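Structure first, commentary second.
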């Protein structure tokens, strides 16, 4: 091997990774949005908040045992996403049992990005409320059985071509896959 030349594997790694990312983005952007929980099953990576954002959000979220934690210690793994190209970004606030856990702007980006908010909750029934800066609000009651984990996805939707502003929930006793 000549001095200054890298092996083929090293030279090909970056272009190959860039190509894979382009294909994934193109697939996400070309797939139509869906609203049913059956359509959410699939496989895609979920975007995680940087740990500093999670730590900042958790400082005020300790009342009644409700707080943001590492995903390995979560009783509820909450995913939040903006699925509206017309309302981007949209500010979404989520509270559990009155404890504010999420208050941030969500851009639609490619339309298939979910932010993860792993939450520690005591067993029992909990009220999840969500509001947006566009005036949409919703609530969902979930049960966290003793020693079990739940997953919930909250999606914001709006299209000026006829889809009203709204939230949808998908709550599951199994991990949620995203397509």
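No value in this document is a laboratory result; all are computed from the given coordinates. Keep in mind the model is a prediction, meaning the values are calculated, not measured. All Cβ positions, glycine included, derive from the backbone under ideal geometry; neighbour counts span all protein chains shown.
Worth pointing out:
- Interatomic Cα distance distribution for the range 134-179, bins of 5 angstrom, percent: 5, 17, 23, 19, 17, 11, 6, 2, 1
- Sorted on the mean count of surrounding Cβ atoms within 10 Å across their residues, most packed first, peptides 74-86, 147-159 read 74-86, 147-159.
- With the simple model of a label 7 Å out from the Cα in the direction of the Cβ, residue 105 to residue 166 spans 2.7 nm.
- Spherically averaged projected area in nm², based on the convex hull that wraps the Cα atoms of the range 58-168: 6.7 nm²
- A crude spin-label estimate for the pair residue 138 and residue 125, with each label 7 Å from Cα along the Cβ direction, gives 2.0 nm.
- The range 86-115 residues near the modelled residue 159 label - backbone nitrogen below 15 Å, point 7 Å along Cα→Cβ: 86-87, 111-112
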